[in-house]
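Q: Quick one: structure below, then a few questions.
The values are calculated or read from the model by the stated rules, or taken from the named source; none is laboratory data. Remember, predicted model here, so these are calculated numbers, not experimental data. Glycine gets a Cβ as well: all are built from the backbone with ideal geometry, and neighbour counts include every protein chain shown. We work out accessible area using only protein heavy atoms, side chains counted, and drop any ligands, DNA or RNA first. Shrake-Rupley method; radii C 1.70, N 1.55, O 1.52, S 1.80 Å.
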Amino acid sequence: MTTGQPGGGSIVRRILLGAQLRRLREAGGITREAAGYSIRASESKISRMELGRVSFKERDVADLLTLYNVVEDEDRAALLGLVREANVAGWWHGYGDVLPAWFQTYVGLEESASLIRTFEVQFIHGLLQTEEYSRAVVELGHPGAAKSEVERRVGLRMERQKLLVSERAPHFVAVMDEGALYRPFGGRDVMRGQLNHLMEVAQQPNVTVHVLPFEIGGHAAGGGAFTLLRFPESDLSDLVYLEQLTSALYIDKREEVDFYGRTMERLCADSLSEERSLERLRKIYQQA
């Protein structure tokens, strides 16, 4: 995934465009109902557009800009150009047969982030998994799935990993509960290969791996795994991603995001340093 890859950042562009449309509507004192009427849509459609949860039609945005009294050609051109960027399909749409809509959103956000911080309890994070380990995790989560489906899901995960070595690779910080390093998904050989890979990738300049050791006892993230995303665009606030079995939550309320940020800082403080984490990984590898 390089900076010029089609669809890169389209999810973020959609969110930014929606936020700008909301600000213009509110500045003009126009209700969502009135905005919806102007483009032959419902109030809920305007709400989804402003949240960046649906695609945009250039004609609809042009009509809304007229309603919001955006008449300067330069201003209109910039926003209509954002429509075209937001509607470019990302590479992940090619995996639509195995990629639920709620996770498509995350992949698009992950692709656009400048900083990804994650806490994992049971698994090695997907961006750090080997192909064999990933296959074992997919088979666990999708029992009875056809081999072709399993391979498609594994292929998607391997494609996502290109982000960490791309020209615009984010800084990736992974805090892992030590227990995740002992669960032998796929058997002993697969786990040894995974641990070896983890030691290698942890030495990349844009990747930081922390092990939260058993000896720390309890920790700040009692609710389980979560991911914090930060974006280079100043208009887009940090997001928290919480994955569930059949859906996901995206949290963007400032006070809640700040709480998760403080929790991540505590987890990093309680974890082993990068050097000691690498030593712990070597020890576990030797014992595996």
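Q: Of the conditions (1) in contact with a Gly (Cβ under 8 Å, 6 or more places away or on another chain); (2) free of Cβ contacts under 8 Å to residues at least 60 places away in the same chain; (3) over 22 Å from Val207 (Cα atoms); (4) not in a loop (DSSP other than H, G, I, E, B), Ser134 fails just one. Which one is it?
A: Looking at each condition in turn, Ser134 falls short on (3).
Q: Suppose we keep only residues that are in a helix (DSSP H, G or I) and open to solvent by 80 Å² or more (accessible area, probe 1.4 Å) within segment 33-57. Which one would you say is farthest from Ile251 (Cα to Cα)? If you could, list the steps in order and put the result at the bottom.
A: First pass over segment 33-57, keeping only residues in a helix (DSSP H, G or I): 33-38, 43-50.
Pick out the ones that are also open to solvent by 80 Å² or more (accessible area, probe 1.4 Å) and you get 33, 37, 43, 48.
Working: Glu33: 26, Tyr37: 30, Glu43: 23, Arg48: 16 Å.
Ranking the qualifying residues of segment 33-57, first place goes to Tyr37.
Q: Quick one: is Glu110 among the acidic types (Asp, Glu) and either more than 30 Å from Pro213 (Cα to Cα) or over 17 Å from the mean Cα position of the chain (by Cα) (or both)? Working first, answer last.
A: Numbers: among the acidic types (Asp, Glu): yes; either more than 30 Å from Pro213 (Cα to Cα) or over 17 Å from the mean Cα position of the chain (by Cα) (or both): no.
Here the answer is no, as Glu110 does not meet what is asked.
Q: Moving to a separate point now. Consider segment 72-108. How many of its residues are open to solvent by less than 30 Å² (accessible area, probe 1.4 Å), part of a loop (DSSP other than H, G, I, E, B) and of a type in the set (A, V, I, L, M)?
A: 2
Q: Same structure again: Do we find a residue being of a type in the set (Ser, Thr, Tyr), buried (at least 19 other Cβ atoms within 10 Å of the Cβ) and closer than 26 Å to Leu228 by Cβ anywhere in segment 110-123?
A: Yes; the residues of segment 110-123 include at least one that is of a type in the set (Ser, Thr, Tyr), buried (at least 19 other Cβ atoms within 10 Å of the Cβ) and closer than 26 Å to Leu228 by Cβ.
Q: While we're looking at this one, here's another question. Take segment 114-146 and flag every residue that is in contact with a Ser or Thr (Cβ under 9 Å, 6 or more places away or on another chain) and aliphatic (A, V, I, L, M).
A: Ile116, Ile124, Leu127 - these are the residues of segment 114-146 that are in contact with a Ser or Thr (Cβ under 9 Å, 6 or more places away or on another chain) and aliphatic (A, V, I, L, M).
Q: Would you check which residues across segment 147-177 are in contact with a Lys or Arg (Cβ under 7 Å, 6 or more places away or on another chain) and either of a type in the set (Asp, Glu) or without any contact (Cβ under 8 Å) to a residue 60 or more places away in the chain (or both) and list them?
A: First pass over segment 147-177, keeping only residues in contact with a Lys or Arg (Cβ under 7 Å, 6 or more places away or on another chain): 150, 154, 173.
Correct list: Val150, Val154.
Q: Answer yes or no: is there a residue in segment 219-237 that is free of Cβ contacts under 8 Å to residues at least 24 places away in the same chain, touching an Asp or Glu at 6+ places or on another chain (Cβ under 8 Å) and open to solvent by 20 Å² or more (accessible area, probe 1.4 Å).
A: Step one: filter segment 219-237 for residues free of Cβ contacts under 8 Å to residues at least 24 places away in the same chain, giving 222-223, 234, 237.
Narrowing the set further to residues that are touching an Asp or Glu at 6+ places or on another chain (Cβ under 8 Å) leaves 237.
After this cut, where a residue has to be open to solvent by 20 Å² or more (accessible area, probe 1.4 Å) as well, the list is 237.
Yes: segment 219-237 contains one or more residues that are free of Cβ contacts under 8 Å to residues at least 24 places away in the same chain, touching an Asp or Glu at 6+ places or on another chain (Cβ under 8 Å) and open to solvent by 20 Å² or more (accessible area, probe 1.4 Å).
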